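Have a look at the structure below, then the notes.
The values are calculated or read from the model by the stated rules, or taken from the named source; none is laboratory data. Predicted model, so just to flag it, every value in this text is computed and none were measured. Here the Cβ is made from the backbone with ideal geometry for all residues, glycine too, and neighbour counts use every protein chain on show.
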Number of protein chains: 2
Amino acid sequence: MFDKWSKTALLLDFYGNLLTDKQRLIMSYHYEEDMSLSEISEELNISRQAVHDIVRRSEKILAEYEEKLGLVQRFLLQKEKLERIKKILSREAANEDIKMVLRLIDDLIEM
Amino acid sequence: MFDKWSKTALLLDFYGNLLTDKQRLIMSYHYEEDMSLSEISEELNISRQAVHDIVRRSEKILAEYEEKLGLVQRFLLQKEKLERIKKILSREAANEDIKMVLRLIDDLIEM
């Protein structure tokens, strides 16, 4: 249900601040701004191989944090439950209280 | 609203797996099983001063992770929103759909 790319982008969102500045920058170029390894290599004036190695190493670090903390997994399970709640509540969406609750739930999903 | 003790226990819950086994054991004795530093010192047969140093060092490590990741802060804000949602929905608690939603929200708060 979740491809490797989106999963890594989410890991970066949660644990990115545990990377070094350089690792985070390169990962952000690649996973958030969708730049290719060659484009990053030109942008930073380092070899494509070096960019490749930093990306692989950073992916490994992020995966290790997730293995230890499991916070992305927890987040995804919470999101799934919130979507279920929204679906149930939308049956009652004419009610003003419920409208307010649906807005609060959307805030939660965005957090 | 949140004393230092409860805050540290929560940090331990989120980031405890990033400590060494020894740090985690001592922090768990102290913050989860409520053992005093002297009791831990006897239990592990190390000096009270060593236990004290490990506790302080571990608290610092946990606080540093929170400063970088802010996941406990995010969790507390989510919990506050969920409590607000519960309060609003409890006005409608005769409705079967709403009862189900309230159960789902309790699950989320416990996660």
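One table, with the values for the structure above:
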{"item": "So B:Arg48, is it among the basic types (Lys, Arg) and more than 28 Å from A:Glu80 (Cβ to Cβ)", "result": "yes"}
{"item": "Condition broken by B:Asn45, with the remaining ones in (1) touching a helix residue (DSSP H, G or I) at 6+ places or on another chain (Cβ under 9 Å); (2) surrounded by fewer than 14 Cβ atoms within 10 Å (Cβ to Cβ); (3) at pLDDT 95 or above; (4) not charged (D, E, K, R) satisfied", "result": "(1)"}
{"item": "Any chance A:Ser28 is buried (at least 19 other Cβ atoms within 10 Å of the Cβ) and without any contact (Cβ under 8 Å) to a residue 60 or more places away in the chain", "result": "no"}
{"item": "Among (1) under 19 Å from A:Arg103 (Cβ atoms); (2) within 8 Å of chain A (Cβ to nearest Cβ); (3) touching a residue at least 12 places away in the same chain (Cβ under 8 Å), the one test that B:Leu102 misses", "result": "(2)"}
{"item": "Boolean, B:Arg84 is assigned to a helix (DSSP H, G or I), within 19 Å of A:Leu69 (Cα to Cα) and out of contact with any Cys (no Cβ under 9 Å at 6 or more places or on another chain)", "result": "no"}
{"item": "Failed item in (1) part of a helix (DSSP H, G or I); (2) surrounded by fewer than 17 Cβ atoms within 10 Å (Cβ to Cβ), with A:Ala94 passing the rest", "result": "(1)"}
